[in-house]
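**Student:** Pasting a structure here, questions to come.
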Amino acid sequence: MPRPRKARTLASLPAPVIYIPAGWTQHQSTPVEVAIEDFEIMRLCDGHNLNIEDAAKKVGVSRSTAGRMLARARRAIALGFEQRAPIYLDASEELVLTPPEHLEPNNYECLRPSNNAHLAIACASPQSSSPVERMFGRAPGFAIICPDDSRLAYIQNPGTRLKRNAAAAAVKLLKTQGVSRVVAGRFGPEAIQALASATIQPIVANGFSLKQAIELFNQ
């Protein structure tokens, strides 16, 4: 039986990003992943001079776990530099975030898609309690929030049915809807690159419900 995932505490809600060396092509080294929660420990220790005990408390893990997270982040970044490979920050398979306590469930009306949409949230249904989907490219669909009101549309994701290029198909769909930000549990390097080309910002919010994501990000 797998261990239950434990929520982590991060100083700010993470936005996945990829750093690509000048001159790199896809025929060279594959991208190296750094888990966002591992980088948070590295950021606190190496960037802000916290000791490992204090960093562990801030993230909500034990000292030994924080030590392993720090070692993983440092090794991944060192190997990425050595191999001249892209380095990308993304949520790990295990990352769960705890939503702010004031975000309570509620209901939102489902409307037809609008080309004036602004925020997309990966989810399986437009119900307020529907959880944010863990994988962006394979998400069943997206709730699309219009910038002028709090109502939403729900559209199916064509990437769910594809064997390849699922993330690219999802990005193309969101671009036609005028989306500028998308929320999901995890993205992957192909999705991050495609979203960057489409000028759509990815946001990690695994552990949130649709309603909680709407309240937090639809500002």
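Since every read-out is calculated from the coordinates, none of them should be taken as a lab result. All values reported here derive from a predicted model rather than from experimental measurement. Neighbour counts are summed over all protein chains in view; Cβ atoms, including those assigned to glycine, are modelled from backbone coordinates with ideal geometry.
**Student:** Extending each Cα 7 Å along its Cβ direction at R164 and S129, get the distance between those two points in nm, one decimal.
**Tutor:** Inter-label distance under the simple model: 4.1 nm.
**Student:** Still on this structure: If packing is taken as the average count of other Cβ atoms within 10 Å, what order do 25-35, 67-77 fall into, highest mean first?
**Tutor:** 67-77, 25-35
**Student:** What span do the alpha-carbon atoms of the stretch 110-217 cover on each of the three principal axes, reported in whole Å from largest to smallest?
**Tutor:** Computed over the Cα atoms, the extents are 33, 27, 22 Å.
**Student:** Another question, if that's okay. Evaluate the relative contact order of the stretch 7-97 (contact order divided by residue number), counting alpha-carbon pairs under 8 angstrom at least 6 apart; express in whole percent.
**Tutor:** 50 percent
**Student:** How much length is gained on full extension from Q28 to R84, taking 0.36 nm per residue of separation minus their Cα-Cα distance?
**Tutor:** 19.3 nm
**Student:** Multiplying the sequence separation of L50 and E94 by 0.36 nm and subtracting their Cα-Cα distance, what value in nm do you get?
**Tutor:** The L50-E94 span can extend by a further 13.4 nm.
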